Amino acid sequence: MSTLAVYPGSFDPLTNGHVDIISRGARLFDRIIVSILVNAEKAPLFSMEERVEIAREVFKDQRNVEVDTFHGLLVDYVERRGAHVIVRGLRAVSDFEFEFQMALMNQRLNPRIETVFMMPAEQYTYISSRLIKEVFSLGGRVHGLVPELVELRLREKQLAPRGA
Ligand SMILES: Nc1ncnc2c1ncn2[C@@H]1O[C@H](COP(=O)(O)OP(=O)(O)OP(=O)(O)O)[C@@H](O)[C@H]1O
Ligand SMILES: [Mg+2]
């Protein structure tokens with residue numbers, strides 16, 4: 001039996017913390033789907049298309065990593081994709097409460113699906129997309145914290161702000 005896992009998130013933008021978790025997942029499972037959430041509530045910095053393009057480019061040489069988008073209830077999407085595993089990353093105790101709640105809710109909604117938590121390498125434990133955007137917008141260096149393509153895209157955004 002081959003195991004298919006789904007790694008859901010906003011990935012706005014993809015960070016080296018995400019990349020680390022995806023690489024671990026790709027070693028652990030036969031295939032991992034990076035599933036980018038279409039979230040109408042948040043105003044994302046990167047459009048859905050941009051986030052998909054970035055993730056596909058970064059993982060183009062990893063044959064068992066797929067990039068997809070989803071909206072609505074995660075467990076329904078996971079079931080539809082024929083997967084049985086949800087991968088989530090844990091950075092610190094601060095992630096735990098929310099992740100614990102979500103995992104138990106998803107377990108209740110669909111007991112056939114398991115949530116698997118993974119820890120990133122130590123040097124990525126403090127990285128979040130939100131912090132990357134904040135630091136970058138204030139002129140800070142994000143080199144080494146995000147894939148080079150993300151750094152490039154961030155710079156392009158800075159030069160051509162939305163609407164331009
Ligand atoms: N540096 C990291 N190390 C390990 N897991 C991470 C890291 N960053 C995010 N994750 C995990 O990846 C999943 C998707 O997260 P998400 O897309 O919300 O990223 P985020 O960095 O938390 O973004 P935001 O700051 O917008 O909330 C979650 O399970 C989250 O805990
Ligand atoms: Mg988050």
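Coordinate-derived values only; no laboratory data. Everything numeric in this text was worked out from a predicted model, so none of it was measured. Positions of Cβ are generated from backbone atoms using ideal geometry, with glycine treated the same way; all protein chains shown enter the neighbour counts.
Miscellaneous remarks
- Overall form of the range 1-96 per C-alpha gyration tensor (a/c, 1.5; a/b vs b/c): rounded
- Against the main long axis of the alpha-carbon atoms of the chain, helix 93-109 sits at an angle near 40°.
- Principal-axis tilt of helix 16-28 within the chain, Cα atoms, nearest 10 degrees: 30
- Modelled label positions at LYS60 and GLN101, each set 7 Å beyond Cα in the direction of Cβ, lie 4.0 nm from each other.
- Against the chain, whose longest principal axis comes from its Cα atoms, helix 48-58 is set at around 80 degrees.
- Once you reduce the range 143-157 and the range 51-128 to the center of their Cα atoms, the two points are 22 Å from each other.
- Convex hull volume per residue in cubic angstrom - Cα atoms of the chain: 118
- Among ALA55, ALA83, ALA43, residue whose mean-square fluctuation peaks in a GNM of the chain (springs only between Cα atoms under 10 Å): ALA43
- Rounded to the nearest 20 debye, the dipole magnitude of the chain is 40 debye, with +1 charges on Lys and Arg beta carbons, -1 on Asp and Glu beta carbons, and the Cα centre as origin.
- Highest-MSF residue in the chain out of MET105, MET119, MET48 [GNM, Cα springs under 10 Å]: MET105
- Restricting the GluC sites (Glu not before Pro) of the range 1-53 to loop positions (DSSP other than H, G, I, E, B) with no more than 12 neighbouring Cβ atoms within 10 Å leaves GLU41.
- Length-normalised contact order of the range 1-141 in % [C-alpha pairs under 8 Å, at least 6 apart]: 30
- Arranged from fewest to most other beta-carbon atoms within 10 Å of their beta carbon, ASP68, ASP30, ASP12 become ASP30, ASP68, ASP12.
- Taking every DSSP helix (H) stretch of at least 4 residues in the chain, weighting each as -39,500 (n - 2.57) and dividing the sum by the residue count yields a mean residue ellipticity at 222 nm of -13000 deg cm²/dmol.
- Fraction of beta bridges assigned by DSSP in the range 32-164 that are antiparallel (%, nearest 5): 0
- Candidates VAL146, VAL67, VAL116: whichever shows maximal mean-square fluctuation once the chain is modelled as a Gaussian network with Cα springs under 10 Å: VAL116
- Ranked TYR126, TYR7, TYR77, criterion: other C-beta atoms within 10 Å, fewest first: TYR126, TYR77, TYR7
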